[in-house]
Amino acid sequence: MRILVLLKMVPDVVEELEVAPDGRSLDLEFLRLMVNERDDHALEEALLLKERYGGSVTVLALDAPEMDDALFTALAKGADRAVKVSGGGVGLNTCATASLFAQALSAVPNLWPADLVLTGCQAIDDLDGLLAPLLAHKLKLPYLGLVTRVEVDASGGRATLVKEYAGGVRGEFDVSLPAVLGVQAAERPPRYVPVARVRAAMKSQKIEAVPSSDRVEAATVGVLRLAKPEATEHAEMLEGTPEEVASKVCEVLAERGLL
Amino acid sequence: MAGDIWVLAEQWRGQVSEITYEMLALGREVADRLGRRLQAVLIGHEVKGLAKTLGLADGVLCADHPALAGPSAEASGQVLGQLIRSRGPMAILAPLTNVTWDLTTSLPAQLQAPFISFCKDAQVQDGRLQARCVLYGGKMEATVTAAGGPTVLGILPGARPAEKGRVERTPSIEEVAVALPEAPRAVFKNYIEPEAGDVDITRQEVLVCVGRGIQSQDNLALAEALAQALGGAVCGSRPVIDQGWLSLSRQVGKSGAIVKPRLYLAAGISGAPEHIEGMKNAGLIIAVNTDPQAPIFNVAHYGIVADAMDLLPLITEEVRKATSRKVS
C-alpha cells in the first residue's frame, strides 16, 4: 500500500495576527507557522494504515519556512520519504497549491501511482477551495472529506471509509482506490515524537527538494480587504483578582437564577 | 434564467436543514439588490413535499430520483453540474456544513468555477457580489470578490436567522429530469448512529465546555467538579475529542451537537467558527481564555482573561458556598 500525505504550513493562530500594509494579506514578518492541524491527522492515519497493512508513506509539501522541521518530524514519526516542492510559500491560494501538487506528482520520479492520497479536510486559510477535492478532480480520482477511519480490503483495490455528518452521526462509504481523502481526525491522536528522534532523522535521512514548474494558476478570487473582525457585540469583561472574578461570576449566576 | 442567484437547499434524512432557510434569507437580499430571480435547488429522493417549504425562493428546481436517496456527493454533483451548465446562474449559495461538505467543496472543481469559502455574509457593492469570509479560525475576516461566474459560495451556518427564510408562500416547483451517466466511485453504505447511554448534552441546562486550553486530561476533573456543583455536564470542543479525553457524544460544534443550555461556560476555548456554530444560542455564555483576542469573546456575554485551570476551582468553591447558604 502506497500512501501519499500532503502537508501545508499555516499561521499559528495562538499568536497575534497582523494585516500587512497592503490591507489584503497577513503580515508575514512575525508570523509563526505550524503544520495544518488536520494534515497532522492525515499523517497519523497514514502511519496507522502502514502499520496495519504494510507499505510506505511519502510526505509531500510545498516549501515554506519551517517546512524542513515538519518534514523531518514526519520522517521521525515513521514516514519513509519526504519530498519538498519549491515555489510554494505562505499565502499561496489553494487552487495554485493543488496545481503545484498535481504537477509534482507527474514530474517527480516514483511518486505516482499511489493507492491513497491523504490530506487535512480543510485549513484555516482555504479561502478559494479545499485541497483534497481540487486535487482529486485534477487526478480524476474519487474524493471524500471529513474522513475519520479507513479500512482497506484484501485486494487493496477498495476501502471502507467512515466520515462525519452532524450530531455525532457518521456515515460509511465503499470507495474504489486510488482516492483522495480529506481527513478530519485520525483514529488515534497524532503521535508525539521526541526532539532527539527528530534530530536523529535530520542526521540520517534526507529531504528531496524538487523545483516546481512556473505554471501557477491565476487566482480565481480576489481579496479586497483583510481585517480583524469588527465585533458587533463583545463580552462584558470581568476583571480583578482571580478570587474577585470568581465571586463576580457567582453574582451573575445568582442574578440569572442559575445557583 | 441565466444570471439568477441559486440556493442549494440542504435536506438530510427527510428534513430540510436550518441552513437552507438561512441561505434563502441571504439569497433573497442579494437577488433583490441585483434584480435577479432567486432559485432554490433541491436534490434527493421523495423530496417534493419539502420543496413546498422553500417559498422565499421564486422557484424551486427539484431533482428527485431513487439514486439520489443517500448522501452521495458524486450523484448529486452530476445533477447539479448539469443544471448549472445549462442554466448559467450567477452565483450558487451552497452550505458549508458536514452534511453537504463533499458536494459543496467538489462542485467548483467540477465546474472549473471560482469558489469562495467560509462565507458568513454576502452583499452587493456597485452591482457586484462581495462575500465576507471567516479566516484563520475566526481571527480575521476577508472581503472577497470572484473573477467571474458562476461562483460557488460556501456559506457557514448563521448567516441570517432561519426564521427570515420561512414564509407561508408556496413556490413554483419545476421537476427536472435526472440523468446519471457516471456510476459513483464512492458508494454510501449506511449511517452509524452515535452511541447511546452517555449524557445527552443537548438536554442539559448547564454545560461546562472545555477546549485546548485545558492542556491535559487531568485537568478535566476541574471542569467536572464545577459542572457537578452547578448540576450540569461537561462537554468539549474538537481538540479535546481528537485527543480522546472526552467521547464523541460530548462534542459541541459542526460535527457534534448543537446545544442551547441556560448556561454555557467555555473554558480554554478560542471560539473557532466550527465551535461557535454549536453553542451561540445558549442563554448565558461565560468564556474564560488567556488570549484577550480570542473570538469566543465576541459571542460570550461575559468574558474573563485568565487561565481557566486557575479560575475554575475558585468558581467551583464560590458556587458551593452559595448553594450551601441557599440550602441552610
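Some notes on this structure:
- Most mobile of B:21, B:136, B:302 in a GNM of chain B (Cα contacts under 10 Å): B:136
- Residue by residue, the stretch B:61-70 carries 3J(HN,Hα) couplings of 8, 10, 10, 10, 7, x, 6, 9, 5, x Hz when phi is fed to the Karplus relation 6.51 cos²θ - 1.76 cosθ + 1.60 (θ = phi - 60°); x denotes Gly or Pro.
- Cα extents of the protein assembly as shown along the three principal axes, largest first (Å): 74, 70, 52
- Share antiparallel - DSSP beta bridges, the stretch B:5-176, percent rounded to 5: 35 percent
- Here the Karplus relation 6.51 cos²θ - 1.76 cosθ + 1.60, evaluated at θ = phi - 60°, turns the backbone of the stretch B:154-169 into coupling constants of x, 9, 7, x, x, 4, 9, x, 4, 4, 5, x, 9, 9, 6, 4 Hz, with x for every Gly and Pro.
- Within straight-line reach of residue A:206, meaning a Cα separation under 27 Å, sit the following lysines at least 8 residues removed in sequence or on another chain: A:8, A:50, A:77, A:84.
- Fraction of alpha-carbon pairs over 36 Å apart in chain A - percent: 24 percent
- Once backbone amide H atoms are built at 1.01 Å from N, residue A:114 has no partners under 5 Å, excluding neighbours fewer than 5 places away on the same chain.
- Using a Gaussian network model of chain B in which every pair of alpha carbons under 10 angstrom is joined by a spring, one finds that among B:195, B:22, B:274 the greatest mean-square fluctuation is at B:195.
- When the helices of chain B are scored as -39500 (n - 2.57) per DSSP H run of n ≥ 4 and the total is divided over every residue, the value at 222 nm lands at -8000 deg cm²/dmol.
- Centre-to-centre, using Cα atoms only, the stretch B:175-229 and the stretch A:218-243 are separated by 27 Å.
- In order along the stretch B:197-214, phi translates into HN-Hα couplings of x, 7, 4, 8, 5, 6, 9, 7, 7, 10, 10, 9, 9, 10, x, 3, x, 7 Hz, rounded to whole numbers, per the Karplus curve 6.51 cos²θ - 1.76 cosθ + 1.60 with θ = phi - 60° and x for Gly and Pro.
- Taking every Cα-Cα distance in the stretch A:71-133 and sorting them into 10 Å bins from zero, the calculated P(r) comes out as 18, 48, 34, 1 percent.
- The distance between label points at residue B:205 and residue A:213 comes to 6.5 nm (points 7 Å beyond Cα on the Cα→Cβ vector).
- A straight line joining the Cα centroids of the stretch B:1-75 and the stretch A:46-72 runs 41 Å.
- The count of lysine pairs in the stretch B:201-327 that are at least 8 places apart or cross chains, and whose C-alpha atoms lie under 29 Å apart, stands at 4.
- Prolate/oblate/rounded call for the stretch B:5-176, Cα gyration tensor, a/c under 1.5 rounded: rounded
- Mean Cβ count within 10 Å, highest first, over the residues of peptides B:107-116, B:307-316: B:107-116, B:307-316
- Candidates B:203, B:160, B:37: whichever shows maximal mean-square fluctuation once chain B is modelled as a Gaussian network with Cα springs under 10 Å: B:203
- Axis of helix B:220-230 versus longest Cα principal axis of chain B: the two differ by about 80°, to the nearest ten degrees.
Coordinate-derived values only; no laboratory data. Because the structure is a prediction, the values reported are computed rather than measured. Please note: Cβ atoms are built from the backbone with ideal geometry, for glycine as well, and neighbour counts cover all protein chains shown.
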